[in-house]
Amino acid sequence: MAIGLEHYLFLSGILFAIGAAGLLLRRNIIVVLMCIELMLNGANVALVAASRYNGSLDGQTMAIFVMAVAAAEVAVGLAIIIAVFRIRHTLNIDELSTLKG
Amino acid sequence: MEAIVFWVLAALSTGGALGVVLSRDPVHSAMSLVGTLFCIASVFVMLHAHLLAALQVIVYAGAVMVLFVFIIMLLSKPGDKEKRLHRGGMKIAGMTVAGLMLFILTVSIVHEPAPEGEYAIGHIRAVAMNLFTEHVPALQLTALLLLAAVVGATVIAKRRI
């Protein structure tokens with residue numbers, strides 16, 4: 001069976017869905033951030049596959065921007081985690097339900 | 001051949017993604033995520049996006065995941081993790097997984113050689129031409145975003161400004 005665009009889109013959808021499930025189910029804030037990375041990567045697969053099968057490079061360019069934004073997001077997110085951990089001494093998001101510090 | 005490589009990569013990346021969600025230890029989640037990102041890099045190679053595959057390995061599987069593991073080590077409570085280091089099987093498992101990743105990437109690169117011609121889809125020059133001619137404003141905004149992220153991360157994580 002030949003592999004076409006829809007296969008890659010399915011893979012992308014599965015990765016995104018697993019990431020979303022982890023985002024909602026896991027309680028550790030670091031793992032939640034990892035699940036966000038997983039979702040971004042699923043989106044990247046869709047962008048690159050669309051770029052390949054449409055013969056346009058815009059998808060790949062967009063994927064590069066997604067990577068840059070993801071790197072920035074990780075840096076700021078982990079800094080926030082460190083700041084929160086210093087104040088609250090926990091990584092469980094159920095215990096971090098207020099913003100009062 | 002292409003179908004076999006695709007299905008193997010799809011199975012491995014889905015399994016790695018499930019490992020991220022299901023494993024109890026954040027370090028195991030991080031290792032699963034590294035494997036998943038590697039498989040996605042191989043998928044990019046299959047899609048003739050060699051530049052993106054290289055960026056994926058360098059930026060994601062390299063820099064971002066090192067940051068994650070660093071934070072996990074920094075914030076885990078003492079006594080949590082000492083037991084499982086230096087267990088004999090772990091070394092062999094680690095070697096096997098690393099070898100498997102290299103094998104996967106090699107297979108997909110050999111199967112899908114770099115595109116011919118300077119302006120073929122996925123060629124680094126073609127991507128650069130697209131990036132630096134049509135998307136210059138977005139590129140400059142991304143530079144601004146990265147600068148803001150560096151400053152913001154430093155300010156937030158600093159104990160006292």
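Data overview
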item: Tabulated pairs, the range B:119-140, first at negative phi and of a type in the set (Phe, Trp, Tyr), second modelled with pLDDT under 85 and open to solvent by 40 Å² or more (accessible area, probe 1.4 Å), C-beta under 8 angstrom, 6+ apart or interchain; result: B:119/B:125
item: Any hit, the range A:35-57, residues being surrounded by fewer than 19 Cβ atoms within 10 Å (Cβ to Cβ) and within 7 Å of chain B (Cβ to nearest Cβ); result: yes
item: Of residues in the range B:22-31 being more than 9 Å from chain A (Cβ to nearest Cβ) and assigned to a helix (DSSP H, G or I), the one most open to solvent (accessible area, probe 1.4 Å); result: B:31
item: Residue in the range B:50-66 that is aromatic (Phe, Trp, Tyr) and surrounded by fewer than 22 Cβ atoms within 10 Å (Cβ to Cβ) present; result: no
item: Selection status of residue A:64, in a helix (DSSP H, G or I), more than 21 Å from residue B:144 (Cα to Cα) and not polar (S, T, N, Q); result: no
item: Some residue of the range B:72-80 being at pLDDT 90 or above and more than 9 Å from chain A (Cβ to nearest Cβ); result: no
item: Residue that is out of contact with any Leu (no Cβ under 7 Å at 6 or more places or on another chain) and at the interface with another protein chain (Cβ under 10 Å from one of its Cβ atoms), where the choices are A:65, A:85; result: A:65
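The values are calculated or read from the model by the stated rules, or taken from the named source; none is laboratory data. Only a predicted model underlies this, so the values are computations on that prediction, with no experimental measurement involved. Note: ideal-geometry Cβ built from the backbone for every residue, glycine included; neighbour counts use all protein chains shown. With ligands, DNA and RNA removed, areas are computed over all heavy atoms of the protein, side chains included. Shrake-Rupley method; radii C 1.70, N 1.55, O 1.52, S 1.80 Å.
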